[in-house]
Amino acid sequence: MIPQESVRLDINIPARIRDGTTLYSDVYRPAAEGRYPAILTRLPYGKNSGMVSGYMNPLRFARAGYAVVIQDIRGTGMSEGKFYPRVNEMSDGYDAVEWVAAQPWCDGNVGMYGMSHLGYTQWAAAVMQPPHLKTICPMATQSGARPYNYGAMRLNHLLVWASMFPLNELARQKMPPEKAKELRDRFIYWKDHIEEQYLFLPLKDVPSVKVVEEIGLSPFFYSDYITYNDDEEYWKRSISPAPLEKVVIPAFHFCGWFDLLVADVLASYTGMKERGGSELARKNQKVIIGPWVHTTELPSLAGEIDFGVASTGAAADVTGMHLRWFDYWLKGIKNGIMDEPPVRIFVLGANVWRNENEWPLARTAYTKYYFHSGGKANSRYGDGTLGITSPGDEPADTYLYNPRDPAPTKPGGAGSGVIMGTYDHQETEKRPDILVYSSAPLEADLEVTGPITVMLYAATSAADTDFTGKLLDVFPDGRAYNLTDGIIRARYRHSEWKAEPIKPGKLYEYTLDMGTISNVFKAGHSIRVEISSSNFPKWDRNLNTGHKFGQDAEIEAALQRIHHDRQYPSHILLPVIPA
């Protein structure tokens, strides 16, 4: 290991790419002259913003004999050009990799690492197959880019993410100081009052977005995302998902169970195993999922539950895992990492790490847990139950969904950041617009590991609406902690691209993708499912009108009816792992 004082840092190194744009990088590398394998990350937040921290600390990688390149992507930080998320990432990523490989301090072997958008830039580069890119380590990212799920928009995530760029762009603009100050003050006000923006209608006119357009970050991607929410050609043309069939290199995937992108990470892992663009890629994929939220620090605390010191990124040595991977693929060191099982997961509840040979687990026993009630499952005080016995003749449950007072994502308000983690829902479950179905206390531990699905038979009085679900672990003292959730917009029940209107009062079948989890429900705990029509502000509110998305402020209430009987057996499908 190289001493820290023997690391050299070069600031603002220019790289001129194919269209004449200059991108700037900071480079950490061993001070001793020589040629080293390189690790590249490309980010839109500014290479001096502190986003490259935690497990990504470039000093540790440089001390291990790597040149670490931190590059501002086009139109951000010091780099030239115009920023528009994901549009130029493929060609720019190719050019960046090949520029790194050509530097006198690089031996021609290049890998990439980083989380969130820093992970997406890895997929974008890998799709272009730059000859010197040997491997990627994407963490907590999408290989695609749509901020929608079955028609519902990730409102909290998108508005928080959009707020990260305008002040940097304002600093790049040439305008009178008085105007710049006025725009800066207005933007900071609305950034600090993001809860008001969640409720603002119409969505296309959210105040901070209007300020951003005045700043000159135009066309501003948020506005385009609203306008073209279901335009398949727009998404394919401008921000298409990474075609995994074109990725021909090994990848090490990382994420947390409470990260909003965990399902995307697992889909990328299984997708590469099945249809990666080479045998080398298909046979050399690994994934690790911990009990983490969306941060490079990877702490043990996820919301209100601390999963213990062994769960932290430091104790799990996520940085060390990256180094072993890079040592193998960039330095050719036979360190045994490829002899280890390809899947490593942290099992919540049991709070232990476990290796597996595949995902989903081959031994899974998919089990239906049916909803039951006497027609009054409203709130945690209702009569809703959950069990493996199929329903007979049971009355439907009803509730009123009012978009003016949506059921919250978590108790106690939205907060200013991206909402993730697990929280006690006892207070929230007092609401009559949340149906609560709970199992009897378990007689023995029950492990649920894998993808979760809810099959819902429902009707609404509205022209359009949403249905939401949550899976919770209920402790013996009544605390109810969310594990995973899902949502579906009625008119997009069959396709994200083609709206199919519903008829008010008609019963439809809805499949809610509830994400994925690994959790042991301990003996004495109960399994709980919540059904409602909002999970706000994680997802935008459906205004129930059926109007074009995001364009107006008209609101209607909706009477919802959930069936669970012999003919329409609403249920949750749980991936039970035999003891």
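Values in this text are rule-based calculations from the coordinates and carry no lab data. Model, not experiment: these values are computed from the prediction. So basically every Cβ, Gly included, is an ideal-geometry build from the backbone, and we count neighbours across all protein chains shown.
Axis angle, to the nearest 10 degrees, between helix 177-192 and the longest C-alpha principal axis of the chain: 40 degrees. With all pairs of different C-alpha atoms in the average, the Kirkwood value for the hydrodynamic radius of the range 148-234 is 13.7 Å.
Taking a 31 Å limit on the Cα-Cα distance, which of the listed pairs K376/K506; K430/K498; K82/K283; K181/K236; K47/K134 fall beyond it?
Numbers: K376/K506 21 Å; K430/K498 36 Å; K82/K283 38 Å; K181/K236 38 Å; K47/K134 23 Å.
Cα-Cα > 31 Å for K430/K498; K82/K283; K181/K236; rest within.
Along its first, second and third principal axes, ordered by size, the chain spans 78, 60, 39 Å in Cα coordinates.
Dividing the helix sum by the residues of the chain, where each DSSP H run of 4 or more adds -39500 (n - 2.57), gives a mean residue ellipticity at 222 nm of -6000 deg cm²/dmol. Its Cα gyration tensor gives the range 230-287 an equivalent ellipsoid. The semi-axes, each the square root of 5 times an eigenvalue, are 22, 18, 7 Å from largest down. Only Cα pairs under 8 Å and 6+ residues apart enter the sum, and on that basis the relative contact order of the range 377-453 stands at 50 percent. Between 0 and 90 degrees, the angle of helix 318-331 with respect to the longest Cα principal axis of the chain falls at about 50 degrees. Using the empirical formula 2.2 N^0.38 Å as the baseline, the Cα radius of gyration of the range 123-164 reaches a ratio of 1.56.
Working ranking of peptides 370-376, 484-490 by packing, defined as the average number of other Cβ atoms within 10 Å per residue, highest first, is 484-490, 370-376.
Altogether, the Stokes-Einstein calculation at 10 °C and 1.306 mPa s, with the Kirkwood radius of the range 328-375 over Cα pairs as Rh, returns a diffusion coefficient of 109 µm²/s.
Can you give the translational diffusion coefficient of the range 1-88 in µm²/s, computed by Stokes-Einstein from the Kirkwood radius over Cα pairs at 10 °C and 1.306 mPa s?
On the way: Rh = 13.5 Å.
Using the Kirkwood radius from Cα pairs, D works out to 117 µm²/s.
For the pair N48 and A579, label points projected 7 Å from Cα toward Cβ lie 6.0 nm apart.
Spread over its residues, the convex hull of the C-alpha atoms of the range 54-212 is 148 Å³ per residue. The long axis of helix 89-101 is offset from the longest Cα principal axis of the chain by roughly 40 degrees.
Looking at the range 422-482, which GluC sites (Glu not before Pro) are DSSP coil and have at most 14 other C-beta atoms within 10 Å of their C-beta? It would help to have the intermediate numbers written out before the result.
Details: sites: E427, E429, E443, E447; in loops: E427, E443.
The qualifying sites are E427, E443.
The trypsin sites (Lys or Arg not before Pro) of the range 108-187 that meet both conditions, a loop assignment by DSSP and at most 13 other Cβ atoms within 10 Å of the site Cβ, are K174.
Ranked by how many other Cβ atoms sit within 10 Å of their own Cβ, fewest first, the residues M112, M56 fall in the order M56, M112.
For the range 148-234, the relative contact order works out to 34 percent when only alpha carbon pairs closer than 8 Å and six or more residues apart are counted. Using the C-alpha atoms of the range 411-558, what convex hull volume per residue, in cubic angstrom, is computed? About 130 Å³ per residue, rounded to a whole number.
Which log10 I(q)/I(0) values, to two decimals, does the range 438-481 give at q = 0.30, 0.31, 0.32 Å⁻¹ under the Debye formula with one point per Cα? So the normalised log intensities work out to -1.27, -1.30, -1.32.
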